[in-house]
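First, the structure itself, so that you have it in front of you.
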Amino acid sequence: MTNPVHIDAPAGVPFIDITREFDAPVSRVFEAHARPELVARWLGFDIEIGEWDFVSGGRWRFDDVDEGRRYAFRGMFHTVRTDEIAIQTFEYEGFQDVVAIETLRFTDLGDGRTRLDIHSVYPTLEARDGMVESGMERGVTQGYEKLDRVLAPQVAEHA
C-alpha cells in the first residue's frame with residue numbers, strides 16, 4: 001500500500017496544496033526531482049524531457065504523451081536548495097498566460113521518511129479550478145505511486 005496523497009483546493013482562493021509522504025530519505029526524494037532520467041520515470045505518462053536544469057535560475061520543459069496526445073509543459077526553477085526547497089513556475093503550453101508558482105518543500109520525518117509539501121498559486125481562481133478539473137488528482141496519485149517504485153531500495157541502487 002502506498003501513502004495517500006492529500007490535495008486541498010479551498011473554495012474562493014487560487015491555490016492548491018498537495019502533501020505526500022514517502023518511505024525514503026529526503027536525499028533520495030530530492031534526487032528523484034533533480035535528475036531528469038529519474039523524473040522521466042515517475043512524472044506523468046510517457047515523458048520526453050527536453051530540458052531539466054534543476055538549479056536556481058534553471059529552466060525545464062517536457063512533453064507528456066498520453067494515448068497519442070501530446071501535452072507540453074515548461075517553467076523555471078527560481079530557487080533550489082538541496083534536500084530542502086524548490087520554487088518554480090509551471091505552465092501548460094495549451095493555456096497561454098496561465099503560469100503557476102509552485103513551492104516544493106522536502107521535510108525529513110526521521111526514520112528514512114520524507115514529507116513533500118507543494119503549494120501551487122495560480123493567477124486566477126478559474127485557472128486553479130481548470131487545473132483541478134483537468135484530472136490532476138489522478139495524475140498526481142499515479143505519478144507518486146511510480147515515484148515510490150523509483151525510490152524502492154532495489155531500484156534506487158541501479159538508478
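The values are calculated or read from the model by the stated rules, or taken from the named source; none is laboratory data. Computed from a predicted model, the values in this text were never measured in an experiment. Here Cβ is always computed from backbone atoms with ideal geometry, including for glycine, and neighbour counts include all displayed protein chains.
What number of residues within the stretch 25-51 are among the small types (Gly, Ala, Ser) and touching a strand residue (DSSP E or B) at 6+ places or on another chain (Cβ under 6 Å)? Please lay out each step first, then the result.
If we filter the stretch 25-51 for residues that are among the small types (Gly, Ala, Ser), which is where we start, we get 27, 32, 34, 40, 44, 50.
Subsequent filtering for residues that are touching a strand residue (DSSP E or B) at 6+ places or on another chain (Cβ under 6 Å) retains 40, 44, 50.
Residues in the stretch 25-51 being among the small types (Gly, Ala, Ser) and touching a strand residue (DSSP E or B) at 6+ places or on another chain (Cβ under 6 Å): 3 in total.
Being in a loop (DSSP other than H, G, I, E, B), touching a residue at least 12 places away in the same chain (Cβ under 8 Å) and either over 22 Å from ASP108 (Cα atoms) or among the aromatic types (Phe, Trp, Tyr) (or both), is that true of even one residue in the stretch 2-9? Lay out the reasoning, then the answer.
Of the stretch 2-9, the ones in a loop (DSSP other than H, G, I, E, B) are 2-4, 9.
From what is left, the residues that are touching a residue at least 12 places away in the same chain (Cβ under 8 Å) are 2-4, 9.
Still in the list and also either over 22 Å from ASP108 (Cα atoms) or among the aromatic types (Phe, Trp, Tyr) (or both): 9.
Checked the stretch 2-9: at least one residue is in a loop (DSSP other than H, G, I, E, B), touching a residue at least 12 places away in the same chain (Cβ under 8 Å) and either over 22 Å from ASP108 (Cα atoms) or among the aromatic types (Phe, Trp, Tyr) (or both).
Go through the stretch 36-60 and report how many residues are in contact (Cβ under 8 Å) with a residue 40 or more places away in the chain and of a type outside the set (Phe, Trp, Tyr).
Looking only at that region, the number is 5.
Shifting gears a bit: Filter the stretch 92-136 for residues that are modelled with pLDDT under 95, charged (D, E, K, R) and closer than 18 Å to ARG59 by Cα and give the result.
The answer is GLU93, ASP97.
Do we have ARG69 as out of contact with any helix residue (DSSP H, G or I) (no Cβ under 8 Å at 6 or more places or on another chain) and loosely packed, with under 13 Cβ neighbours inside 10 Å here? Spell out the reasoning first.
Numbers: out of contact with any helix residue (DSSP H, G or I) (no Cβ under 8 Å at 6 or more places or on another chain): yes; loosely packed, with under 13 Cβ neighbours inside 10 Å: yes.
Yes: the conditions hold for ARG69.
Only one of (1) more than 15 Å from the chain's Cα centre (by Cα); (2) free of Cβ contacts under 8 Å to residues at least 40 places away in the same chain fails for PRO123. Which number is that?
(2)
Among the residues that make up the stretch 61-80, is at least one of them assigned to a loop (DSSP other than H, G, I, E, B) and in contact with a strand residue (DSSP E or B) (Cβ under 6 Å, 6 or more places away or on another chain)? Steps first, answer last, please.
Residues of the stretch 61-80 that are assigned to a loop (DSSP other than H, G, I, E, B), as a first pass: 67-68.
Now drop any that are not in contact with a strand residue (DSSP E or B) (Cβ under 6 Å, 6 or more places away or on another chain), which leaves none.
No, the conditions are met nowhere in the stretch 61-80.
A further question follows. Condition first: touching a Gly at 6+ places or on another chain (Cβ under 9 Å), buried (at least 17 other Cβ atoms within 10 Å of the Cβ) and within 27 Å of SER27 (Cβ to Cβ). Now tell me which residues in the stretch 77-97 satisfy that.
Residues satisfying the conditions are PHE77, VAL80, GLN88, PHE90.
Kindly indicate whether any position in the stretch 64-74 is within 22 Å of TRP52 (Cα to Cα), basic (Lys, Arg) and touching a residue at least 24 places away in the same chain (Cβ under 8 Å).
Looking for residues that are within 22 Å of TRP52 (Cα to Cα), basic (Lys, Arg) and touching a residue at least 24 places away in the same chain (Cβ under 8 Å), one finds none in the stretch 64-74, hence no.
Can you name the residue in the stretch 98-148 that is assigned to a loop (DSSP other than H, G, I, E, B) and in contact with a Pro (Cβ under 8 Å, 6 or more places away or on another chain) and is also surrounded by the fewest Cβ atoms within 10 Å (Cβ to Cβ) among such residues?
The first filter runs over the stretch 98-148 and keeps only residues assigned to a loop (DSSP other than H, G, I, E, B), leaving 98, 111-112, 122-124, 134-135.
Add one more test, that the residue is in contact with a Pro (Cβ under 8 Å, 6 or more places away or on another chain), and what stays is 98, 112, 122-124.
Details: VAL98: 17, GLY112: 13, TYR122: 23, PRO123: 13, THR124: 11.
Among them, the one singled out is THR124.
In the stretch 43-58, is there at least one residue being closer than 24 Å to VAL5 by Cα and under 12 Å from the mean Cα position of the chain (by Cα)?
Yes, there is a match, as at least one residue in the stretch 43-58 is closer than 24 Å to VAL5 by Cα and under 12 Å from the mean Cα position of the chain (by Cα).
Right, here's the next one. Report yes if ALA24 is of a type in the set (A, V, I, L, M), touching a residue at least 40 places away in the same chain (Cβ under 8 Å), touching a helix residue (DSSP H, G or I) at 6+ places or on another chain (Cβ under 7 Å) and assigned to a loop (DSSP other than H, G, I, E, B), otherwise no. Break it down into steps so the answer makes sense when it comes.
Details: of a type in the set (A, V, I, L, M): yes; touching a residue at least 40 places away in the same chain (Cβ under 8 Å): yes; touching a helix residue (DSSP H, G or I) at 6+ places or on another chain (Cβ under 7 Å): yes; assigned to a loop (DSSP other than H, G, I, E, B): yes.
Here the answer is yes, as ALA24 does meet what is asked.
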